[in-house]
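See structure below.
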Amino acid sequence: MTLGRQIRTQRLVLQPVSWHDMQDMIRLKTNGASFGRMLGGVRSLRQVEDEMADDLAFWAKRGIGIFTIRENDRFVGITGLHERPDGRGLGLRFALVPEAAGRGIAREAAAAAMRFALDAGVKRIVGVTREDNMASRIVLGSIGMHHVESFERDGYLMLVYEITQDIPDSTTRI
């Protein structure tokens, strides 16, 4: 269920990131178990602050972006869309605190965020993961994304997944 920009699933609440989430974002993005495999890897405090400013600006400009994920009012991670710095378009990302992994939270949250973006008129969403990241590959495949290409980055084979929808141009908002 979507209420404005808040999304509720069976067990999760997704809300657009805000400055109030900064301590949770620092805890997530400076943790190697949570962010070590993300594009750009583990972040410094300054990088987390800069990314928060970018995320807020993206929401303001596009009406979509990164959500916090909460389970029973407890921060467990993030999901949502961002503009990929490699030019591949709008990318779906998700990352969880280590204690939340392995319970289907990433799949549930990523599917909800992806549906929010598609309902907002996004035509194409990509997801990029390392070939050896089976957990991410399973999430991307289970929410309807399909492997469409591969490339090498930093000695790793990267897999690109995508989902597309046909929308007449007159109704496209994003």
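Comparison of D73, D119 shows that the only residue that is over 15 Å from V13 (Cβ atoms), among the acidic types (D, E) and out of contact with any Phe, Trp or Tyr (no Cβ under 9 Å at 6 or more places or on another chain) is D119.
Might you let me know whether segment 120-143 holds any residue that is of a type in the set (G, A, S), open to solvent by 30 Å² or more (accessible area, probe 1.4 Å) and either farther than 25 Å from L28 by Cβ or touching a helix residue (DSSP H, G or I) at 6+ places or on another chain (Cβ under 6 Å) (or both)? So that I can check it myself, show each step before the final result.
Step one: filter segment 120-143 for residues of a type in the set (G, A, S), giving 120-121, 127, 135-136, 141-142.
Of the ones still in play, those that are also open to solvent by 30 Å² or more (accessible area, probe 1.4 Å) are 135, 141-142.
From what is left, the residues that are either farther than 25 Å from L28 by Cβ or touching a helix residue (DSSP H, G or I) at 6+ places or on another chain (Cβ under 6 Å) (or both) are 142.
So far as segment 120-143 goes, yes, one or more of its residues are of a type in the set (G, A, S), open to solvent by 30 Å² or more (accessible area, probe 1.4 Å) and either farther than 25 Å from L28 by Cβ or touching a helix residue (DSSP H, G or I) at 6+ places or on another chain (Cβ under 6 Å) (or both).
All told, L92 meets the bar of being closer than 21 Å to V42 by Cβ and in contact with a Leu (Cβ under 7 Å, 6 or more places away or on another chain).
In segment 85-98, how many are under 16 Å from M145 (Cβ atoms) and open to solvent by 20 Å² or more (accessible area, probe 1.4 Å)?
First, the residues of segment 85-98 that are under 16 Å from M145 (Cβ atoms): 88-94.
After this cut, where a residue has to be open to solvent by 20 Å² or more (accessible area, probe 1.4 Å) as well, the list is 88, 93-94.
Residues flagged as under 16 Å from M145 (Cβ atoms) and open to solvent by 20 Å² or more (accessible area, probe 1.4 Å) within segment 85-98 amount to 3.
If you go through segment 48-66 one residue at a time, do you hit one that is part of a strand (DSSP E or B) and of a type outside the set (K, R)? Scanning segment 48-66, I find at least one residue that is part of a strand (DSSP E or B) and of a type outside the set (K, R), so the answer is yes.
When only residues in segment 1-34 that are of a type in the set (V, I, T) and open to solvent by less than 20 Å² (accessible area, probe 1.4 Å) count, which is farthest from A120 (Cα to Cα)? So, considering only residues that are of a type in the set (V, I, T) and open to solvent by less than 20 Å² (accessible area, probe 1.4 Å), the one farthest from A120 (Cα to Cα) is V17. For the structure I just gave you, tell me whether A101 is under 26 Å from M158 (Cα atoms), surrounded by 15 or more Cβ atoms within 10 Å (Cβ to Cβ), touching a Gly at 6+ places or on another chain (Cβ under 8 Å) and small (G, A, S). Against the criterion (under 26 Å from M158 (Cα atoms), surrounded by 15 or more Cβ atoms within 10 Å (Cβ to Cβ), touching a Gly at 6+ places or on another chain (Cβ under 8 Å) and small (G, A, S)), A101 does not qualify. Scanning segment 78-106 for residues that are of a type in the set (G, A, S), touching a Phe, Trp or Tyr at 6+ places or on another chain (Cβ under 7 Å) and part of a strand (DSSP E or B) yields a count of 2. Residues in segment 35-70 that are β-branched (V, I, T) and open to solvent by less than 50 Å² (accessible area, probe 1.4 Å) were compared, and the one that is farthest from I125 (Cα to Cα) is V48. V160 meets all of the listed conditions (1) open to solvent by 10 Å² or more (accessible area, probe 1.4 Å); (2) farther than 20 Å from I69 by Cα; (3) outside any loop (DSSP other than H, G, I, E, B) but one, namely (1).
The values are calculated or read from the model by the stated rules, or taken from the named source; none is laboratory data. Not measured: the values here are computed from a predicted model. For neighbour counting, all protein chains shown are included, and Cβ atoms are generated from backbone atoms with ideal geometry for every residue, glycine included. Note: areas computed on protein heavy atoms with side chains; ligands, DNA, RNA excluded. Shrake-Rupley method; radii C 1.70, N 1.55, O 1.52, S 1.80 Å.
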